[in-house]
Amino acid sequence: PEDVRKAVNEAHGYYIPWRTVSKPNSVSTPVRMVFDGSSRSPGGESLNAVLAKGANTLQNLFGLLLKVRMYKFCFTTDISCAYNNILMDTEHIKFQKYLWQNQMVKEDRVEEMVILTQIYGIKSSGNITIKGFQILADEAEQKHTNLNLGAHVLRHHAYMDDVVSGFDSLEEAEEAAQQL
């Protein structure tokens, strides 16, 4: 949108270095872009060095893995594209700029692009994603009472974009997985 474009263009920001990573055996993403929030600028700082991480709101992964072993039935899942579905506030987009050349040929014009969502590898992304899950769980409980079990799992059994949860009955495990 034009207001976002204007806010980004009028502000100082940060250009994130990136590279491509190849995974030939992958059907969905044989080549993908990887942004490096830990790469230092000529001034000596990286985006991750200056970002506040905040309080660690991630579940204890070891505790989650131990807890799930106490149940008769369990399931695990990856919440696909979790980071890519959490939009950045307009005021923070200026820190997620990158440079792009369409054909990566010297003669082509270099364009300035921005990433509008969370990025893997940025210090604050994990906590922001978990906060997004908590907001989603709250909304599910308030507006859709038939999703309480899934909301509970999302709130208490997620680590980053992964979920591991257990139940004493197969029916309850299947219901939680379906709601999630």
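Annotation: peptides 98-107, 73-82, ranked by per-residue average of other Cβ atoms within 10 Å with the highest first, follow the order 73-82, 98-107. The value for the chain of Rg(Cα) / (2.2 N^0.38 Å) is 1.25. For segment 123-163, averaging the sequence separation of C-alpha pairs within contact (under 8 Å, six or more residues apart) and dividing by the residue count gives a relative contact order of 43 percent. In segment 99-180, one over the average inverse separation of all distinct C-alpha pairs is 15.5 Å, which is the Kirkwood hydrodynamic radius.
Where only DSSP H runs of four or more residues are counted, the chain gives -9500 deg cm²/dmol as its mean residue ellipticity at 222 nm, each run worth -39500 (n - 2.57).
Roughly what angle does helix 170-179 make with the longest principal axis of the chain, taking Cα atoms, 0 to 90 degrees, to the nearest 10? With rounding to tens, the tilt is 30 degrees.
Taking the C-alpha atoms only, the angle from helix 125-143 to the longest principal axis of the chain is near 50 degrees.
Solvent-accessible surface of segment 52-180, taken per residue with a 1.4 Å probe and all protein chains present: 64 Å². Here the chain is assigned +1 on the Cβ of each Lys and Arg and -1 on the Cβ of each Asp and Glu. Its dipole about the Cα centre then comes out at about 660 debye. What is the distance in Å between the Cα centroid of segment 28-42 and that of segment 48-75? Here the answer is 25 Å between Cα centres. Split the accessible area of the chain by element, probe 1.4 Å, and carbon with sulfur accounts for 53%.
Rounded to the nearest 0.05, the FRET efficiency derived from the C-beta distance between LYS143 and MET104 at R0 = 35 Å is 0.15. In the structure displayed, which of LYS94/LYS123; LYS53/LYS97; LYS6/LYS97; LYS6/LYS143; LYS23/LYS67 lie more than 25 Å apart, Cα to Cα? Cα-Cα > 25 Å for LYS6/LYS143; LYS23/LYS67; rest within.
The values are calculated or read from the model by the stated rules, or taken from the named source; none is laboratory data. These figures come from a predicted structure and were not determined experimentally. Glycine gets a Cβ as well: all are built from the backbone with ideal geometry, and neighbour counts include every protein chain shown. With ligands, DNA and RNA removed, areas are computed over all heavy atoms of the protein, side chains included. Shrake-Rupley method; radii C 1.70, N 1.55, O 1.52, S 1.80 Å.
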